[in-house]
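Scroll down for the structure; my scribbles are underneath it.
Nothing in this text is a laboratory measurement; each read-out follows from the coordinates by a stated rule. Keep in mind the model is a prediction, meaning the values are calculated, not measured. Counting neighbours? That spans all protein chains shown, and the Cβs are built from the backbone with ideal geometry, glycine included.
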Amino acid sequence: MRFIMKTLFILVLISFIVTCTSNQPIQAIEPVEVVEQTTEYFLNSSEYKLLLNPEMFGDYQQGFAQYWDIIKTVAAEQGIEILEKEEPLKLSHKEISFFDTENLDLRKQSFLLRQKVKYSGDHKQPGFEYGLKYRQANPEKTLSLDLAMAEGYVPKYDKIELESDIVYYSVKNDSLDITYAVSNSIQLEEQPIMTLAEFIKIYPLLGDLGIDPQTELSIVAGIAPDEWMVKPGKLDFGGGLYGRMDMTVWFLETEAGIISIPEFSFDHDFNHNAEWDEVAMLKCTEFINELYKTNPNWVVPGALKAAYIFEM
């Protein structure tokens, strides 16, 4: 069953960093009711994001370690247990690329095509991971989209992900910016010919966008972020609700020099036909608010990391 300018950029990024964010606590998020399309396909996760100050990540490993101490301190003050991994600051390394047409025709229709290549040491590993994502502010529209793969292609994950992305202290409004994204990923041994036609073979929905299938796809802005990530463990909000934590920094090589985009996030699943305890959900919001309030110099006005690439 099928389911669903470089200089200008630098100036904009600097303005993000120096803008003062509000110190008013952001209210708890009300659950959004969506129309379920099938029993398998529903809002199944939510990710809470804080964009961090690049000035604190001149040495990114030191930045990770220092912010991890902040996270543990705030969690302890909030009575939130941390299930810490044996090596909480173990690094993983990837190259991230976004592909689109010259006129960003996929982006204009709310689609994003991402490529990931893993590193082992200093060497890229064989294989390419591709993820097609559709993002909208309207959850019902997102939920109704069919991102299933064509017969013969095997998704990397056992379910299509529908996630709410919650950017805190957003550059848009100094408050929450909530969008909904549906995505489906595949692991390939070889890089396909980078035309839309090759990806229509995998994701048939792309053939319905009115774009010439022979259109070439190229790396957006000519920049492939160098990603370093740590996954230190989980936050226990109670009632079986756990927040899986990531700290990430992207390094972007531009004509004006290297730009870094650090981020802290945690995500949790939603159960099908069940709701999390209201107190546990409230703790998610209280925790990320406290991270900002107690250390505002570590946070800058937020946006999704990929948005910076497309602004370029």
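In vacuum, with every alpha carbon of the range 178-312 counted as one equal point scatterer, what does the Debye formula give for log10 I(q)/I(0) at q = 0.11 Å⁻¹? Two decimals, please.
-0.65
Where does the chain land at 222 nm, in deg cm²/dmol rounded to the nearest 500, when only DSSP H runs of n ≥ 4 count, each adding -39500 (n - 2.57), divided by all residues? Don't skip to the answer; put the middle values down first.
Details: 7 runs with 71 residues, N = 312.
That calculation yields -6500 deg cm²/dmol at 222 nm.
What ranking of TYR130, TYR157 emerges when the number of other C-beta atoms within 10 Å of each C-beta is taken as an exposure proxy, fewest first?
Values: TYR130 21, TYR157 11.
In increasing order of surrounding Cβ atoms, one gets TYR157, TYR130.
Cα centroids of the range 172-225 and the range 77-133: how far apart, whole angstrom?
Centre-to-centre distance over Cα atoms comes out at 14 Å.
Using the C-alpha atoms of the chain, what convex hull volume per residue, in cubic angstrom, is computed? All intermediate terms of the calculation are to be shown ahead of the outcome.
Values: hull volume 43.7 nm³, N = 312.
Spread over its residues, the Cα hull of the chain gives 140 Å³ apiece.
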